[in-house]
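The values are calculated or read from the model by the stated rules, or taken from the named source; none is laboratory data. Everything numeric in this text was worked out from a predicted model, so none of it was measured. Heads up, the Cβs are rebuilt from the backbone with ideal geometry, glycines too, and the neighbour counts pull from every protein chain shown.
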Amino acid sequence: MNDEKMEQAKKYFDKYDSLEEFKTKFLDIQKPANEQAIIQFFEAAKSNLDAWEMYKFQGSSDSLRLDKILKDNDIKQIVSKISEYDLTKYKRVMISLDNKSYEDLDQLKKFDIDIIIKVKGDKGLCTLDEFINMRNFFDYFKHQYSSFNLSELEKITIAYDYVKFFAYNEELNDRLADSRSIARVIKDGYIVCEGYCRIFSQLLKEFDINSYLMFIGSKTKGHVRSLININDPKYNVKGPFIFDPTWDSSMNMALLRHSDGTQSYEIESKQNKSDKILQKFNSDIRYLFYLIPFHENIKYFKKANVEKIEEYDSGRKIEINDSLKNTLYFDDKYPKDTQVLDVLPDVLRKTKKIEGYSDEVIEFFIENVIELIKEKRYIIDDNKIK
């Protein structure tokens, strides 16, 4: 099937809002022999991810899938293979690359052809220009912070600060991969929970720190958090900890005095008319979902049903068995979560200094970070996931 016929098929599928409608109005009437194949094709064409683009490659004679031909993600091999083929036959070439810097990446620019890239650990596909733009982002981060003598927790904190300045911004169209793909988030700014966690994971990978994605199910919608197995002798922090950069992301805070004389920290947009703002804070004050012990998952995230845990960037799945379920949920035999209050002041003194804060600002900042944690680090209902 060529590209033109594929696009015609997609336009035809667009007439139906759901698979059930497609079955009722087409399949149940036409009763095609290849019904299952058509259903798969329909679901791919209507997918929120990039399955439609994959179908273009799989079914079109205008596409060359070098990602299937070459096992090694080596630019020289890719260039050599492209050169072996008559490129007039193809409109596009798909390749696979690791999310790292390639010194010879510019060699791919000499071909007058669309190069589409599957990036290891990323969601969806990206163009060559998007890949280069993404790597510039990570190379700048690594250049900026890798020269400091940072402990593992300090590296994690630097990466956490870096990603949580993205403002939550969901793209409401049929390409929801745009807000989950590292390359596209960096390019366009649309980001949801999975996008936060994948960028966080890649920032950690720049520091040679491995991490996991925790996929959460709830009654309303899914969510993704980060899981890191930390071993930091400097701060005596060891074991698996949960981080949620989405819920700590770009939401400005305010210290409010209420009409009854009490004070509290609130998201600035939730201020009541009767409240008086005593102090405004940028979103960097939020560490409410930072360094949460893995075994206290249920204590902080009510109704948090962990569906799967996936290693970044290999995609290796960790089986959700009874042993893991018992570990995930809070058990009184474990120590209570006071560790964040014990270590965070010293961690922030080091990392905020590196990030350019003055000593005076750092102490004021830490004081309010700790007060906010004491006041707001409570059980959050996953049914209220944003």
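Observations on the structure shown:
- Any chance residue 315 is on the phi > 0 side of the Ramachandran plot, over 21 Å from the mean Cα position of the chain (by Cα) and modelled with pLDDT of 85 or more: no
- With respect to the stated conditions, residue 325 is surrounded by fewer than 14 Cβ atoms within 10 Å (Cβ to Cβ), at negative phi and not in a loop (DSSP other than H, G, I, E, B).
- Filtered residue count, region 1-33, keeping only those that are among the hydrophobic types (A, V, I, L, M, F, W, C), modelled with pLDDT of 65 or more and not in a helix (DSSP H, G or I): 1
- Considering region 86-104, and only residues there that are farther than 23 Å from residue 201 by Cα and surrounded by 11 or more Cβ atoms within 10 Å (Cβ to Cβ), the residue that is modelled with the lowest pLDDT turns out to be 87.
- Extreme residue, modelled with the highest pLDDT, among residues of region 179-200 that are touching an Asp or Glu at 6+ places or on another chain (Cβ under 7 Å) and buried (at least 24 other Cβ atoms within 10 Å of the Cβ): 198
- Annotation: of all residues in region 105-123 being in contact with a Lys or Arg (Cβ under 9 Å, 6 or more places away or on another chain) and either of a type in the set (A, V, I, L, M) or outside the structural domain of residue 75 (by TED's automatic domain parsing) (or both), the one that is surrounded by the most Cβ atoms within 10 Å (Cβ to Cβ) is 116.
- Restricting 244, 248, 275 to those that are touching a His at 6+ places or on another chain (Cβ under 7 Å) and modelled with pLDDT of 85 or more reduces the list to 275.
- Hey, residue 352 outside any loop (DSSP other than H, G, I, E, B) and modelled with pLDDT of 90 or more or not: yes
- Subset of region 34-71 (residues that are at pLDDT below 70, part of a helix (DSSP H, G or I) and of a type in the set (Gly, Ala, Ser)): 44, 45, 51, 59
- Residues in region 293-304 that are modelled with pLDDT of 80 or more and farther than 11 Å from residue 214 by Cβ: 293, 295, 296.
- Qualifying residue in region 97-116 (condition: in contact (Cβ under 8 Å) with a residue 40 or more places away in the chain and in a strand (DSSP E or B)): yes
- Neighbours by Cβ (under 7 Å, 6+ apart or cross-chain): first from region 288-313, buried (at least 18 other Cβ atoms within 10 Å of the Cβ); second assigned to a loop (DSSP other than H, G, I, E, B) and of a type in the set (Gly, Ala, Ser): 297/304; 312/121; 313/121
- Single unsatisfied condition, residue 165 versus (1) surrounded by fewer than 20 Cβ atoms within 10 Å (Cβ to Cβ); (2) assigned by TED's automatic domain parsing to the domain that holds residue 63: (2)
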